[in-house]
1. Can you tell me the FRET efficiency between Tyr145 and Leu261 if r is taken as the Cβ-Cβ distance and R0 is 45 Å, rounded to the nearest 0.05?
2. After finding the eigenvalues of the alpha carbon gyration tensor for the range 38-195, what semi-axes result from the square roots of 5 times each, listed largest first in whole Å?
3. Residue by residue through the range 117-123, which ³J(HN,Hα) values in whole Hz follow from phi under the Karplus form 6.51 cos²θ - 1.76 cosθ + 1.60 (θ = phi - 60°), with glycine and proline marked x?
4. Provide the per-residue ³J(HN,Hα) series for the range 285-302, in order, calculated from phi with Karplus coefficients 6.51, -1.76, 1.60 and θ = phi - 60°, each as a whole number of Hz, with x at glycine and proline positions.
5. Too long at a 20 Å Cα-Cα cut-off: which of Lys59/Lys87; Lys87/Lys429; Lys87/Lys338; Lys105/Lys209?
6. Over the chain, what relative contact order in percent results from Cα pairs under 8 Å that are six or more residues apart?
7. Cut-off 10 angstrom, C-alpha nodes, Gaussian network model of the chain. Which of Gln84, Gln384, Gln52 fluctuates the most?
8. GNM on the chain, C-alpha springs below 10 Å: top fluctuator among Lys338, Lys266, Lys328?
Amino acid sequence: MSSAVRFSRTKLSPGLLLGLSCTTALPALAASDSDLLTRSTLTGDWGGLRHQLDADGVKFTGDYSGETAYNADGGLHRSARYSQNIKLGVQFDLSKLYGVDNAGKVQLTINDRRGNSASEDLVGNRLPIQENYGGLYTRLTELSYERSLFTPALNVKLGYMAMGNDLGGLDSGILCNFMNAGFCGHPLNMSGGSGWTNYPNARLGVRVKYDLSPSWQLRVAAFNVDPESNGNSSRAWHMGPKHTTGTVVPIELVYKHAGELPGEYKLGYYYDSSDVKRIGSDDEVSGRGGHYLLIDQAVWRSPTSEGRSLHAFGQYSAASEAASPFSKWYGTGVVLYKPFEGRPRDTVALGYGRAVPNPRSRDVQQDAALANGAAFPNLDSAEQLIELGYGYQATPWLTLRPNLQYIIEPGAFSGQDIDNALVVGLQVKAAL
């Protein structure tokens with residue numbers, strides 16, 4: 001695909017996106033065949049049209065997430081911040097549409113983000129307290145084509161898409177029982193020290209999955225690296241890169257086992273061919289990489305209550321020591337599914353994370369402070385995070401997640417002496 005290709009010269013404004021959402025909802029408001037509290041999506045089945053379109057090969061999806069965070073103690077300021085994300089998508093199943101076996105699927109997704117950052121404005125820490133904050137504009141998030149190739153074991157997807165949709169995170173979704181971006185998604189030092197991009201940033205690329213056995217899978221991908229387009233609203237609808245610096249290639253080995261105590265294990269490595277400046281030096285580093293290990297393992301299952309189980313998770317990742325200001329991430333925690341008999345879809349989640357700044361970055365900050373005649377604070381070695389949350393499934397389409405986050409050493413990455421912060425949050429998720 002040519003780097004000059006553009007999706008459209010006409011940008012969707014936030015008002016137009018909202019209008020699309022409202023238009024989507026109108027059939028549901030007029031329909032009487034589904035109750036608001038029991039249907040699976042907020043906008044319902046559109047009087048049967050949505051189900052019929054899905055059967056014919058056109059599947060519409062959408063979701064809203066809103067995250068409010070109040071800094072109750074420590075940090076920089078006492079106040080609250082709100083951020084939101086609206087995602088709308090449509091998938092075209094070409095086999096159903098044209099009656100051809102294994103014709104593949106086309107996915108189109110757009111995102112709109114708005115709001116303010118509790119981390120930037122209130123706490124001063126590195127790990128975003130609201131995982132849906134960043135890139136506050138309407139953008140194309142995915143335009144991809146996916147199909148099996150030669151054998152059902154081999155699946156290929158190519159086009160314009162976010163890396164984290166298929167690599168770097170746990171497929172089980174256990175990590176998005178948390179509101180902090182340090183947990184939800186992939187470890188953030190990947191994007192901090194390479195061309196790996198955070199969702200909803202998308203890039204031209206190709207991803208290959210191959211089933212080695214029913215339990216083992218190999219994933220390999222290659223994505224264009226274009227730092228100038230990250231968070232750049234003028235590139236919101238441009239699929240082609242503005243300034244390519246290299247290619248990032250992640251390789252991931254996945255093991256999943258079923259049974260009474262199922263589990264998921266991922267071992268990954270990535271390499272970015274871009275030349276970047278070495279931290280604390282005018283020299284350049286030719287290429288940079290990193291590796292990671294992700295685990296989700298059920299450790300207990302109730303013998304008397306179907307669906308009640310306890311899962312433990314673990315994360316470890318390390319990035320380039322020469323070029324990444326964020327060198328290591330450690331995360332661990334537990335999630336209890338169905339905590340009460342009458343609440344089959346609720347969850348309780350407790351997690352701990354530790355983000356380690358690169359010592360080279362700390363040396364640069366200290367030297368700059370001394371050169372300006374300022375004292376450098378005596379900081380610990382990392383920003384740490386503790387989060388406790390309860391996921392309340394109010395309806396099949398609505399989840400409310402009140403949570404507490406305690407941020408230890410918020411100024412570890414900025415070199416500032418900031419008091420530990422206690423943040424009270426509420427996450428609202430709705431399937432549209």
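Each value in this text was obtained by applying a stated rule to the coordinates, not by laboratory testing. Keep in mind that this is a model prediction, so the values were computed, not measured. Cβ sites come from the backbone with ideal geometry, for glycine too, and all protein chains shown count toward neighbours.
1. Values: r = 37 Å, r/R0 = 0.82.
Using R0 = 45 Å, I get an efficiency of 0.75.
2. On the way: eigenvalues 247, 83, 31 Å².
They are 35, 20, 12 Å, listed from largest to smallest.
3. So the J values, rounded to whole Hz, are 9, 5, 5, 6, 8, 10, 10.
4. 9, 8, x, 8, x, x, 9, 7, 9, 10, 9, 9, 10, 5, 10, 7, 9, 5
5. Over 20 Å apart, Cα to Cα: Lys87/Lys338.
6. On the way: 1145 pairs, mean separation 64.9, N = 432.
Relative contact order here is 15 percent.
7. Gln52
8. Ranking Lys338, Lys266, Lys328 by mean-square fluctuation puts Lys338 first.
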